[in-house]
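The values are calculated or read from the model by the stated rules, or taken from the named source; none is laboratory data. None of the values given here were measured: they were computed from a predicted structure. Cβ coordinates were reconstructed from backbone atoms using ideal geometry, including for glycine residues, and neighbour counts include every protein chain displayed.
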Number of protein chains: 2
Amino acid sequence: MTRKINFNAGPAGLPLPVLERAQKELLDFEGTGMSILEHSHRGKDYGRVHEGTLALFSELMGLPKTHDALLVQGGASLQFAMLPMNFLKPGASADYLVTGHWAKLALQEARRAGTARAAADCKDGDGAYTRLPRPEEVKVDPKAAYLHLTTNNTIYGTQWNEFPDPKGVPLVADMSSDILSRPPQAEKFALIYAGAQKNLGPAGLALVAVNREWLKEARADVPDILRYQVHLDKKSLAHTPPTFAVYLVWLTLGWIKANGGAAAMAVRNQAKADLLYAALDRLSGFYRVPAAKEARSRMNALFRAPSPELDEAFCAEAAKAGMAGLKGHRATGGMRASLYNAVSLDDVKTLVAFAEDFARRRG
Amino acid sequence: MTRKINFNAGPAGLPLPVLERAQKELLDFEGTGMSILEHSHRGKDYGRVHEGTLALFSELMGLPKTHDALLVQGGASLQFAMLPMNFLKPGASADYLVTGHWAKLALQEARRAGTARAAADCKDGDGAYTRLPRPEEVKVDPKAAYLHLTTNNTIYGTQWNEFPDPKGVPLVADMSSDILSRPPQAEKFALIYAGAQKNLGPAGLALVAVNREWLKEARADVPDILRYQVHLDKKSLAHTPPTFAVYLVWLTLGWIKANGGAAAMAVRNQAKADLLYAALDRLSGFYRVPAAKEARSRMNALFRAPSPELDEAFCAEAAKAGMAGLKGHRATGGMRASLYNAVSLDDVKTLVAFAEDFARRRG
């Protein structure tokens, strides 16, 4: 079997050792005589996995003592709704930094649950989001219930490096597409959430870190299953968790730790992104990178060939050469190479060599 | 490796052929060079699984043309909240048949989202639910937005056979613990939901069937991710679905179909339950079945030995003999054998032989 090089935007490639271990013990988890899929979520065997996941996540995120980790079903999209349902009291308003597709969806969902406004919107004349707001463009309402940002914009290929000053307003981050790809500066955030399916495991689970003090201000008059406080009180067992998804996240967090943690991931991811962007810049007569240089994402590198036909040929030929998932999102066209933690430097070298050869042949 | 006989209440045992196939192709789904875990939810390979799951579920459920199938993250607990959020308009009230722990939780969650009442509550003097309401005990409000029931009560071991007359009120069922264990009579219900982790696959997914006409009456002013209509319009791809959970449900539905569908499951499950209850009745000097005879569940058989100490010894000795998951819920004590689709008649024969021997030795 030849495994593809996987540049998917999410769900995305998982570390091979994680998949190999999951495969090996799929019928018999650690000699217990049953699959982890078949274990009770109340039993001690799954309990080890569950608690281990919360502990590893807290450790690798460098969560301050003020924060707790939670496992919540539903992915980031449910977080778009849970966040305002918990923290937007009647009469309150929340601020959102609109830097891309998902940031905009988060704002729209907040508006269905309460009042929310764009504290910045850096859409350009073409309707695309190729840069991030400059500090003077961010107009935070000092009375906002929170300020929400998306640390990495998967579809447009931009990523925050220095987070904006929230001016005392609780800062909330959707880190779905760059969680644990670098040290997360968790202490800056009142709440962090991330769907697992990019850097942490499979689709079907969101990881959340929340400041306990801030959580005390949350609404209690919403359904229990949608209250962070309930998930915290019940240690993320308020209902049956998606046990296999948690197990795979546990294995992936273990792999991140064994490979040096968030700091080491950052070094590795910087090297991968540098290699690819340097090649694209070298070949700037052929390829174009739409994202502003200072905002380029180390997780999702967008680039274009000189025509849509050449974009299509690039993706088709790359697929034949064993590289999957390079087609850009339908909102942007072009190519997108997602470089999550599980993508290796060698994978990127293969892509760069292909891109160089393609430009030579088609340029 | 010796696999345990798994009587877990959920997450529960999966059919061995399902696990074996998942294991075989965990690194390479159908020759695509990547795990199904790593495929994009927008790609054609996962697309086949996704559409296949919806089609197989509709077929095996015998859904009438008026109904559509949906895949929704979050399990039955999120359905407890979504149902009233969608169908309880301001000023409306919903009716619930309180027949056990989960039915009560569903009612409580509805009360956090709107107005709801118990149309029956068959709790007995000890606070337990050992029977179902008699027809004359069910007082349906003819103006109720819907009437909710739990077809099988996992914790108390009771199961509806003939559903109550909803008197024209839309009937909604939580079928989490007996879905596709028998023909579901789907045409009687405006909406059916079920967490997958008992009869259909792993934890982390709810399957829903809804009447499209009734759905038109639902509220549109709730967050998108919590609207059934949005999940329907987007073919259950409104956000990233839990792709591996869907894949396992797809395999499990295929296994149910290959084994004769819901009707054949019913015959098999009846035989399993008959075998166990007959033995317990034969040994009624030792074991006691708390559930009323006419309400006994074919999915979760509860029984007790003459003392809590003997209950504990039963579970401990059964575990040593390779049978897991027999300890009753903390609300009831005693034993509970969950007999979901993946449990074989031979598994039940092993349990019966053990129970007979235990009674002989300890009686």
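Annotations for the structure displayed:
- Members of segment A:202-213 that are buried (at least 19 other Cβ atoms within 10 Å of the Cβ) and more than 30 Å from B:SER35 (Cα to Cα): A:VAL210, A:ASN211
- Filter result for B:ALA258 (small (Gly, Ala, Ser) and either within 14 Å of chain A (Cβ to nearest Cβ) or touching a strand residue (DSSP E or B) at 6+ places or on another chain (Cβ under 9 Å) (or both)): no
- B:GLU59 being without any contact (Cβ under 8 Å) to a residue 40 or more places away in the chain, among the acidic types (Asp, Glu) and part of a helix (DSSP H, G or I): no
- Residue count for segment B:196-217 satisfying the condition of being within 14 Å of chain A (Cβ to nearest Cβ) and either out of contact with any strand residue (DSSP E or B) (no Cβ under 8 Å at 6 or more places or on another chain) or in a loop (DSSP other than H, G, I, E, B) (or both): 10.
- Tally, over segment A:204-239, of residues that are over 22 Å from A:PRO64 (Cβ atoms) and in contact with a Pro (Cβ under 7 Å, 6 or more places away or on another chain): 2
- Which listed residue is of a type outside the set (Ser, Thr, Tyr) and within 30 Å of B:GLU217 (Cβ to Cβ), from B:GLU25, B:GLU30, B:GLU51: B:GLU51
- Hey, B:ARG304 charged (D, E, K, R) and closer than 21 Å to B:MET265 by Cβ or not: no
- Test result for A:ALA337, buried (at least 23 other Cβ atoms within 10 Å of the Cβ), part of a loop (DSSP other than H, G, I, E, B) and not β-branched (Val, Ile, Thr): no
- Within segment B:113-133, being modelled with pLDDT under 95 and not acidic (Asp, Glu) holds for B:ALA113, B:GLY114, B:CYS122, B:LYS123, B:GLY125, B:GLY127, B:ALA128.
- Segment A:172-195, residues that are closer than 17 Å to A:ASN300 by Cβ and among the hydrophobic types (A, V, I, L, M, F, W, C): A:ALA173, A:MET175, A:ILE179, A:LEU180, A:ALA194
- Reported count of residues in segment A:220-259, each being of a type in the set (D, E, K, R), surrounded by fewer than 17 Cβ atoms within 10 Å (Cβ to Cβ) and under 22 Å from A:PRO84 (Cα atoms), is 4.
- Any hit, segment B:10-24, residues being without any contact (Cβ under 8 Å) to a residue 60 or more places away in the chain, closer than 23 Å to B:HIS231 by Cβ, in a helix (DSSP H, G or I) and of a type in the set (Lys, Arg): no
- When residues of segment A:313-332 are limited to those that are out of contact with any Phe, Trp or Tyr (no Cβ under 7 Å at 6 or more places or on another chain), in a loop (DSSP other than H, G, I, E, B) and buried (at least 17 other Cβ atoms within 10 Å of the Cβ), the one nearest to the other protein chains (Cβ to nearest Cβ): A:HIS329
- The residue that is nearest to B:ALA22 (Cα to Cα), among those in segment A:218-238 that are part of a loop (DSSP other than H, G, I, E, B) and out of contact with any His (no Cβ under 9 Å at 6 or more places or on another chain), is A:LYS234.
- Filter result for B:GLU59 (under 28 Å from the mean Cα position of the chain (by Cα), under 25 Å from A:MET34 (Cα atoms), of a type in the set (D, E, K, R) and at pLDDT 95 or above): no
- Restricted to segment A:67-134, the set of strands (runs of 3 or more DSSP E) holding at least 2 residues that are more than 26 Å from B:SER77 (Cβ to Cβ) and away from chain B (no Cβ under 14 Å) comprises A:93-98, A:115-121.
- Residue check for B:ARG3: surrounded by fewer than 24 Cβ atoms within 10 Å (Cβ to Cβ), basic (Lys, Arg), over 16 Å from B:LEU248 (Cα atoms) and not assigned by TED's automatic domain parsing to the domain that holds B:VAL222: yes
- Output for segment A:283-309, where each listed residue is over 26 Å from the mean Cα position of the chain (by Cα), surrounded by fewer than 19 Cβ atoms within 10 Å (Cβ to Cβ) and either aromatic (Phe, Trp, Tyr) or assigned to a helix (DSSP H, G or I) (or both): A:PRO308, A:GLU309
- Residues that are in the same structural domain as B:LYS235 (by TED's automatic domain parsing) and surrounded by fewer than 16 Cβ atoms within 10 Å (Cβ to Cβ) are absent from segment B:71-82.
- Selected residue (criterion: nearest to the other protein chains (Cβ to nearest Cβ)) from residues of segment A:34-43 that are out of contact with any Leu (no Cβ under 9 Å at 6 or more places or on another chain) and without any contact (Cβ under 8 Å) to a residue 24 or more places away in the chain: A:SER40
- Matching residues, segment B:135-160, being in a loop (DSSP other than H, G, I, E, B) and surrounded by fewer than 19 Cβ atoms within 10 Å (Cβ to Cβ): B:LYS139, B:VAL140, B:ASP141, B:PRO142, B:LYS143
- Being within 26 Å of A:LEU237 (Cβ to Cβ), at the interface with chain B (Cβ under 7 Å from one of its Cβ atoms), within 21 Å of the chain's Cα centre (by Cα) and at pLDDT 95 or above is a condition met by at least one residue of segment A:11-24.
- Condition check for B:PRO84: farther than 26 Å from B:ARG219 by Cα and out of contact with any Ser or Thr (no Cβ under 6 Å at 6 or more places or on another chain): no
- All conditions but one from (1) at the interface with chain A (Cβ under 9 Å from one of its Cβ atoms); (2) aromatic (Phe, Trp, Tyr); (3) closer than 30 Å to B:LYS139 by Cβ apply to B:TYR46; the one that does not is (3).
- Qualifying residue in segment A:176-194 (condition: within 14 Å of chain B (Cβ to nearest Cβ), surrounded by 22 or more Cβ atoms within 10 Å (Cβ to Cβ) and among the hydrophobic types (A, V, I, L, M, F, W, C)): yes
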